[in-house]
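The values are calculated or read from the model by the stated rules, or taken from the named source; none is laboratory data. Owing to the predicted nature of the structure, the values given are computational and were not obtained by experimental measurement. Heads up, the Cβs are rebuilt from the backbone with ideal geometry, glycines too, and the neighbour counts pull from every protein chain shown.
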Amino acid sequence: MSPPAYLLVFAEPGAGVSDELFNDWYDNEHIPLRVATPTFSSWLRLDAIDGQKPSYAAAYDLSSYEDTLVAPYTTLAETRSEREQGIFANSELFDRRIYDLYDKTPVPPPSSLYDPSRAPLITVFRGLDVREGAEEELTKWYLEEHIPMLSKVPGWIRTRWFVLRDAGYVGVEAAKQTKKATKFLAVHEWADATFDTRPEFKAALETPWRGRVEKDVVGMERRVFKARRQWQREE
């Protein structure tokens, strides 16, 4: 059985599309069509708070990667409106990635703060690549030590671990992009933005095991976002 998937899109409208048009399209056209598509089970837009670009992100839980290769998911691209086509063509950049969930039951499970009907205030995306032969150790450390230690930090909601299946760029700056999406992605959800000031968080960054794993890291990224809007499907 295929694992659940995760679609992550970083987006920057740039000079070619106004923020007003971009956000109206995203909120009132783009995501509502996906709320009506059964391949999707969650819909969240986010604003960057780390001073980096792209300035926006959207994250979706999907039934599986395989379901993105067939209708009704593929119908979304085949039936794009003229407005949507123009926004994709004229925006600065869309950085689109699809991941497989590594483990359906993260260790440990979400905290008591987890509520699927309420978006986490803060989401941290942490991407990692390691040298050949070190991937198993990276995942083992994340699941057996790092996530359990993070779970002790006040405000931690949950962490999930993903493996890349597909990635690509769209937009005016797409052809200039040389950086590849990292193979591994951790998605950390927090109830507030003070988590990284906590001693428990700092302790999770200072273990011997982490130090050994870091020696094998060849690529990394870290983005921090605040929830902008969440959608729910009417039953």
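Suppose the filter is in a helix (DSSP H, G or I), within 24 Å of Pro120 (Cβ to Cβ) and of a type in the set (Asp, Glu); does Glu145 pass it? Let's see the steps before the verdict.
On the way: in a helix (DSSP H, G or I): yes; within 24 Å of Pro120 (Cβ to Cβ): yes; of a type in the set (Asp, Glu): yes.
Answer is yes for this residue.
Here is a check on your reading of the model: is Leu7 farther than 22 Å from Ala174 by Cα and surrounded by 13 or more Cβ atoms within 10 Å (Cβ to Cβ)?
Working: farther than 22 Å from Ala174 by Cα: no; surrounded by 13 or more Cβ atoms within 10 Å (Cβ to Cβ): yes.
No; evaluated as a whole, the condition is false for this residue.
Out of all the residues in segment 115-142, which are part of a helix (DSSP H, G or I) and either over 21 Å from Lys179 (Cβ atoms) or among the β-branched types (Val, Ile, Thr) (or both)? So that I can check it myself, show each step before the final result.
Of all residues in segment 115-142, those part of a helix (DSSP H, G or I) come to 135-142.
Those that are part of a helix (DSSP H, G or I) and either over 21 Å from Lys179 (Cβ atoms) or among the β-branched types (Val, Ile, Thr) (or both): Glu136, Glu137, Thr139, Lys140, Trp141, Tyr142.
Which residue, of Ala193, Ala186, Ala181, is in contact (Cβ under 8 Å) with a residue 60 or more places away in the chain and either more than 27 Å from Pro13 (Cα to Cα) or assigned to a strand (DSSP E or B) (or both)? Steps first, please.
Working: Ala193 fails: either more than 27 Å from Pro13 (Cα to Cα) or assigned to a strand (DSSP E or B) (or both); Ala181 fails: either more than 27 Å from Pro13 (Cα to Cα) or assigned to a strand (DSSP E or B) (or both).
None of the others qualify; the one that does is Ala186.
Considering only residues that are touching a Gly at 6+ places or on another chain (Cβ under 9 Å) and farther than 22 Å from Ala191 by Cβ, which ones fall in segment 112-148?
Within segment 112-148, Gly127, Leu128, Asp129, Val130 qualify.
Here is a list: Phe201, Phe225, Phe184. Which entry is within 22 Å of Arg34 (Cα to Cα) and surrounded by 19 or more Cβ atoms within 10 Å (Cβ to Cβ)?
Numbers: Phe201 fails: within 22 Å of Arg34 (Cα to Cα); Phe184 fails: within 22 Å of Arg34 (Cα to Cα).
Just a single option satisfies the conditions, and that option is Phe225.
Taking the residues in segment 29-63 that are more than 20 Å from Phe10 (Cα to Cα) and of a type outside the set (Val, Ile, Thr) as candidates, determine which candidate is nearest to the chain's Cα centre (by Cα).
Selected residue: Ser63.
Within the bounds of segment 205-213, is there any residue that is in a helix (DSSP H, G or I), of a type in the set (D, E, K, R), modelled with pLDDT of 95 or more and under 26 Å from Arg131 (Cβ atoms)?
yes
Within segment 150-168, can one find any residue that is aromatic (Phe, Trp, Tyr), farther than 19 Å from Pro106 by Cα, modelled with pLDDT of 95 or more and touching an Asp or Glu at 6+ places or on another chain (Cβ under 8 Å)? Steps first, answer last, please.
First pass over segment 150-168, keeping only residues aromatic (Phe, Trp, Tyr): 156, 161-162.
Right, trim to farther than 19 Å from Pro106 by Cα and you get none.
Among the residues of segment 150-168, not one is aromatic (Phe, Trp, Tyr), farther than 19 Å from Pro106 by Cα, modelled with pLDDT of 95 or more and touching an Asp or Glu at 6+ places or on another chain (Cβ under 8 Å), which makes the answer no.
Exactly one condition in (1) surrounded by 15 or more Cβ atoms within 10 Å (Cβ to Cβ); (2) in contact with a Gly (Cβ under 9 Å, 6 or more places away or on another chain); (3) more than 30 Å from Ser151 (Cβ to Cβ) is false for Ala89; which is it?
(1)
Considering only segment 201-235, state which residues are in contact with a helix residue (DSSP H, G or I) (Cβ under 7 Å, 6 or more places away or on another chain) and under 13 Å from Ala57 (Cβ atoms).
Residue satisfying the conditions is Arg229 alone.
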